[in-house]
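Comments concern the structure below.
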Amino acid sequence: MSLLHLAIIAPFIIAVFVPLIYKHIKSVHTGWFILPLPILLFAYFSSYISKTANKQVTMESFSWISSLGIDFTVKVDGLGLLFALLITGIGSLVILYSIYYLSKQREKLNTFYVYLLLFMGAMLGVVLSDNLIVLYAFWELTSFSSFLLIGYWYNREKSRYGAQKSMIITVLGGLAMLGGIILLYNMTGTFSITEIVAQADTIINHPLFVAALLCILLGAFTKSAQFPFHIWLPDAMEAPTPVSAYLHSATMVKAGIYLVARMSPVFAEHTLWMGLIIAFGLFTLFWGSFSAVKQTDLKSILAFSTVSQLGLIMSLLGVGAAALHFDHPEYFMVATTAAIFHLMNHATFKGSLFMVVGIVDHETGTRDIRKLGGLMNLMPITFTIAIIGTFAMAGLPPFNGFLSKEMFFTGMINALHMDFDWSIIIPVIAWIASVFTFIYSMILVFKTFTGKYQPEKLEKKPHEAPIGMLISPIILASLVIVIGIFPNIVKPILVPAIETIMPMYEFDVHISMWHGFNTELFMTIGVIVVGVLMYLGLNKWRGIYGIFPEKLALNRFYDGLLDSMHKGSYSLNRNVMSGSINHYLSYMFIFMVVLIIGSLFGQNAFTFSTDNLAPIEFYEVILTLIVAVSSIALLFVKSRIVSILLTGTIGYMVSLLFIVFRAPDLALTQLVIETISVSLFLLCFYHLPKKLTDDPMPVKVRNAVISVGVGLFVILVGLTAHSTKLFDSISQYYIENTYSEAAGKNMVNVILVDFRGFDTMFEIAVLGIAALAIFGLIKLRRNGGKKIENK
Amino acid sequence: MEILMIFIAGILFMSATYLMLSRSVVRIILGTTVLSHGVHLLLLTMGGLKRGAPPLVGEEASAYTDPLPQALILTAIVIAFGVTALFLVLGYRSYKELGTDNMEKLRGNDGND
Amino acid sequence: MKTSNVILQSMTKVLLFLIMIFSIYIFFAGHYTPGGGFVGGLLTSGAILLLLLAYDLQTVRNILPVNFLYMVAVGLVFAIGTGVGSLIFDKPFLTHAFGDIHVPILGELHLHTATLFDLGVYLVVVGVTMSIIQTIGGDDE
């Protein structure tokens, strides 16, 4: 356990204390107590910047389930550090923002911060763990905390819907990813990413390789909201805005990108990997930007915009992989630099935009662009931040978005030089998507802040947000400008991250604003010209959104699927879960008998030998006969007292058999237990009906068939098991060591209290629970009993 | 002897299954008791019967009977007792509360799912 | 069910103590000869059950004013405590210790922490059995 482990676990530890703080300190907003943690963590991780810049990788291991190859290994390299800084940095700003966004009087702050801390820890775990199983566990934990945060206002129908949707889709992908991880383990024999990467060359021709690739990609695509799995992200916007800014734009949705980047060294050589990533990435890029234009809700615009930008980063990684495949390391460098750089920039400008939208929502009570307008004069600071954010998003100079957009164009144009078919399509789609990106960026800022002010449609009278709420977006917006003008200050973070993805290449990154009049610049100018024209003529071409029939919408499909699954399981449930214990037991018995007898003969495993049998004595035959006769007689008896006595007879005979079989302890116990049970039965049955209810004849016949089957099955299995000894008994150890190790002579007792004392301890615990349950059943009804009678 | 015991265990399993499938609560409880007897005997038989002296150190014997199944069964006997007692009380309580020992009448109706 | 049963009651007075003593013997003997916590506990509860059958619930309650559920708890504490005890000496959970101690008058005593564990088992078994019987029997009214 090192300081690094502690850094990951710290959010969980603090989370435990949040409810206490919330309960006892009402006067101060709980967020203030949380805020120091991400700041500290940010400072802590910053100390690694110089290390990773010198290509120093820090690894700390904590042994967890070593026998299965699962160790909590933390690895800080460039990529992990970049994400860790994003998580803690944006996390600090978001928590600061949330302090002003969430009212301490009205909202349940304890749950909010517990979920948020849960997410922070889990996300740190995802990006810093080197063990895939640990990564998977944290990965699912992020899905889970996202579910809780989306459903934070759980009394809203739409929140619950969005939460469920995100959970279903991301966990589905997560499970596929687990499958991929296990396939990778099968191929390489390790869960460690470092070791898998080292073996990358040897596994590429393995038959399971493609399956593992697809599974891992499915996990990444669902998490990073790639088409067609993007549908959960717009619905996730029901979460409080700080959450949307944090999880659903800056960090969690980038986990998929992280995974793709992280696994690139393993998979990048395969054509399927680059093909799928480019195809899905590009289509998502286009579809997200195209859909964003038709949205009227500010957060929906941002959601689709996030989808689109995630597609952009994804497609860049794909082009990078393609460059490697076609052996153009210099193109790989450009594309990957663009991807990582844009990932950072996206976090800054999208974070600030989400916060701006949150402010607008908070101050006006609506996020509908049809109701908003003319807020420029009322909220000048917010407007300025919004302008910076949207211009960066649209790719305009001098903001950081411009730089990464230019690099994105370069990366996409480079694809033309690689020899695969249809490569022209890549820059074309990239350009079209950029036009749409430009349009929705303009919609976002100008429909909200300029135009006609409509106070009558707003719920509140808007005014500028409190300063506390503005600090975080201002910091982010200033980062947008600073990185835009001095992009090389982020190099110490950026370069190690790119180096991590493909460590074998040496390169130098230099980002600059002005490259001369090249294709990229003309593409940007084209985007601006066409974008402005299309924005102005928005009403004339908006009709194309009506062309798509609503029935084809993915959401329809999702809802339909969910609904039919719900109905299907309901009807299955109704048919199978009849509420009759007879049915349940029949299913179990029939299944057991068919399965085991079937496999016994199917595998031709039935054996029968008469070797090594103990001799039969005359009195033993009598004992067994009594057992057999009384157990069969038990079936036909109708009187309760006789059936109790017959059961008692069986019990006593069994204890006699125990004596015959040299088991004195068992005989003693069985004898006493039988006595107590019989008296217990008598005590209870005094109150039960004298005659036992009987089944109708057909049911009896069916039951008889099943039970004969079970009897037969036991006999067959018993004979086979007795005739085949696969390995020796482990008892010899106990027999030899009873006296020397445990100083006892009664082996059975020594096993119970010493060698296997753990079992006994839990057994008596179970007994205690049974006693408590019985006590509860009998004693605790006096208050509740009346309710049942009233019904 | 082992084969005889396996058959006895089979018969016990059969009667137990039949009893558990019936609709009378009392029979079901008795069925679980009989089932546990069957399990114990089968378990003991699987460990081998009469292979030596009782598992007590100090018996001047060259071989001992396998103590491990015995320890397992001892645990099982006591647990079976606890379970039987719990079932008994459940049956007893439901009979007092609902006035029937017929399991088919104790099914929840459709509105209750 | 108020029936006077003189023979049973007289027999019980004698047998009760015999069974009790036997059960305690069997509990301690368990480490060397057949017996132990389970059987000992069951025998003890059998003895109390006999008392209960011969007399009635109230008599048993007067003679043994014990809440048997507490007995279960105490037993569990013994069993788990023995386990935890070994942790203090940096041994794995539930490691037992034993040794011979010379006590002036009694002579050599063989002591074993497994007995403490078994005592826990004994108490739990008695507690469980008796609380089951008492709750069922007490539900007559």
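The values are calculated or read from the model by the stated rules, or taken from the named source; none is laboratory data. Source: prediction; values computed, not measured. With ideal geometry, Cβ positions are generated from the backbone for all residues, glycine too; neighbour counts draw on all protein chains shown. The protein model used for the area step is the full one, side chains on, heavy atoms only, and it has no ligands, DNA or RNA in it. Shrake-Rupley method; radii C 1.70, N 1.55, O 1.52, S 1.80 Å.
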Fill in the blank from the handout: Taking only C-alpha positions in the stretch A:234-343, Rg and Dmax in angstrom work out to 14.7, 46
Exercise for the section: Mind pulling the angle between the C-alpha long axis of helix A:380-394 and the longest principal axis of chain A? Nearest 10 degrees, somewhere in 0 to 90. Expected result: 80
Completion exercise
Asked for the total accessible area buried by A and B (1.4 Å probe, Å², nearest 100), one would answer 8600
Completion exercise
Per residue of C:70-81, other chain Cβ atoms within 10 Å number on average 3
Completion exercise
For C:13-20, A:649-656, ranked highest to lowest by mean beta-carbon neighbours within 10 Å, the order is A:649-656, C:13-20
Handout entry: Lys/Arg +1, Asp/Glu -1 at C-beta; the stretch A:645-712 dipole; positive extreme among A:658, A:672, A:648
Key = A:648
Practice task
Give a residue-ordered list of calculated ³J(HN,Hα) values for the stretch A:321-338 (Karplus: 6.51 cos²θ - 1.76 cosθ + 1.60, θ = phi - 60°; whole Hz; x for Gly, Pro).
Solution key: 4, 5, 4, 5, 4, 8, 6, 10, x, 5, 6, 4, 4, 4, 5, 5, 4, 4
Problem - CD proxy at 222 nm, helix term only [per DSSP H run n ≥ 4: -39500 (n - 2.57); per residue of chain C; nearest 500] - result: -23000 deg cm²/dmol
Fill in the blank from the handout: Spelling it out for residue A:58: with amide H atoms placed in the peptide plane at 1.01 Å from N, the residues 5 or more places away or on another chain with amide H under 5 Å from its amide H are A:76
Practice task
Report the FRET efficiency, 1/(1 + (r/R0)^6), for residue A:208 and residue A:486, where r is their Cβ-Cβ distance and R0 is 35 Å, rounded to 0.05.
Solution key: 0.15
Exercise for the section: Provide the three semi-axes, in whole Å and in decreasing order, of the ellipsoid equivalent to the stretch A:75-199 as defined by the square roots of 5 times the Cα gyration tensor eigenvalues. Expected result: 32, 19, 8
Handout entry: Reach of residue A:745 by Cα under 17 Å, taken over aspartates and glutamates that are not fewer than 8 positions away in the same chain
Key = A:665, A:736, A:754, B:59, B:60, B:66, C:100, C:118
Handout entry: Most to least packed among A:465-475, A:101-111 [average Cβ atoms within 10 Å]
Key = A:465-475, A:101-111
Handout entry: Cβ-based charge dipole, the protein assembly as shown, positive-most Cα from C:57, A:701, A:338
Key = C:57
Practice task
Starting from the Cα coordinates of the protein assembly as shown, work out the convex hull volume and express it per residue in Å³.
Solution key: 239
Handout entry: For the pair C and A, total buried accessible area rounded to nearest 100 Å², probe 1.4 Å
Key = 3700
Fill in the blank from the handout: Any residue on another chain or 5+ positions along whose placed amide H is under 5 Å from the amide H of residue A:130 is listed here as A:73, A:74, A:75
Problem - Simple Cβ-charge dipole of the stretch C:6-137, Lys/Arg +1 and Asp/Glu -1, about Cα centre, in debye nearest 20 - result: 300
Problem - Integer Hz, Karplus 6.51/-1.76/1.60 couplings in order for the stretch B:78-90, x for Gly and Pro - result: 5, 5, 4, 4, x, 5, 4, 4, 5, 4, 4, 5, 4
Practice task
Show that you can apply the helix-only estimate: for chain A, add -39,500 (n - 2.57) for every DSSP H stretch of four or more residues, divide by all residues, and state [θ] at 222 nm to the nearest 500.
Solution key: -23500 deg cm²/dmol
Problem - Probe 1.4 Å, all protein chains present, accessible-area order of A:272, A:20, largest first - result: A:20, A:272
Problem - Summed side-chain charge close to residue A:53 - residues other than residue A:53 whose Cβ falls under 12 Å, Lys, Arg +1, Asp, Glu -1 - result: +1
Fill in the blank from the handout: Dividing the mean separation of Cα pairs under 8 Å (6+ apart) by the residue count of the stretch A:161-293 yields a relative contact order in percent of 29
Fill in the blank from the handout: For the residue A:104, residue A:296 Cβ pair and Förster radius 45 Å, calculated FRET efficiency rounded to 0.05 is 0.90
Exercise for the section: Would you mind getting the Kirkwood hydrodynamic radius of the stretch A:179-258 from its Cα pairs, rounded to one decimal in Å? Expected result: 14.2
Practice task
In debye, nearest 20, what is the charge dipole magnitude of chain A about its Cα centre with +1 on Lys and Arg Cβ and -1 on Asp and Glu Cβ, if you could check?
Solution key: 3600
Practice task
Return a whole-number percent for the relative contact order of chain A, with Cα pairs under 8 Å and 6 or more residues apart as the contact set.
Solution key: 10
Exercise for the section: Note the direction-averaged projected area, equal to a quarter of the hull surface, for the Cα convex hull of the stretch C:6-137, in nm². Expected result: 9.9
Fill in the blank from the handout: By accessible area (1.4 Å), largest first, B:23, A:574 order as A:574, B:23
Exercise for the section: For the stretch C:6-137, build the charge dipole from Cβ charges (+1 Lys, Arg; -1 Asp, Glu) around the Cα centre, then report which of C:67, C:134, C:121 sits farthest towards its positive end. Expected result: C:134
Practice task
List, in order, the whole-Hz ³J(HN,Hα) value for each residue of the stretch A:471-483 obtained from phi through the Karplus relation with A = 6.51, B = -1.76, C = 1.60 and θ = phi - 60°; use x for Gly and Pro.
Solution key: 4, 4, x, 5, 4, 5, 5, 5, 4, 4, 6, 4, 5
Fill in the blank from the handout: Counting only protein heavy atoms with a 1.4 Å probe and every protein chain in place, the carbon and sulfur fraction of the accessible surface of the protein assembly as shown in whole percent equals 68
Problem - Long-range amide H partners of residue B:53 with built H, under 5 Å - result: B:63, B:64, B:65
Exercise for the section: Would you mind giving the mean number of other chain beta-carbons within 10 Å of the Cβ of each residue in C:45-54, as a whole number? Expected result: 2
Problem - Inter-chain Cβ neighbour average for residues A:634-644, partner chain, 10 Å - result: 3
Exercise for the section: At 1.4 Å probe size, with no ligands or nucleic acids counted, give the accessible surface of residue A:584 in Å², nearest ten. Expected result: 70
Practice task
Determine which lysines satisfy two conditions relative to residue A:491: a Cα distance under 28 Å, and not lying fewer than 8 residues away in the same chain.
Solution key: A:51, A:55, A:75, A:223, A:254, A:350, A:405
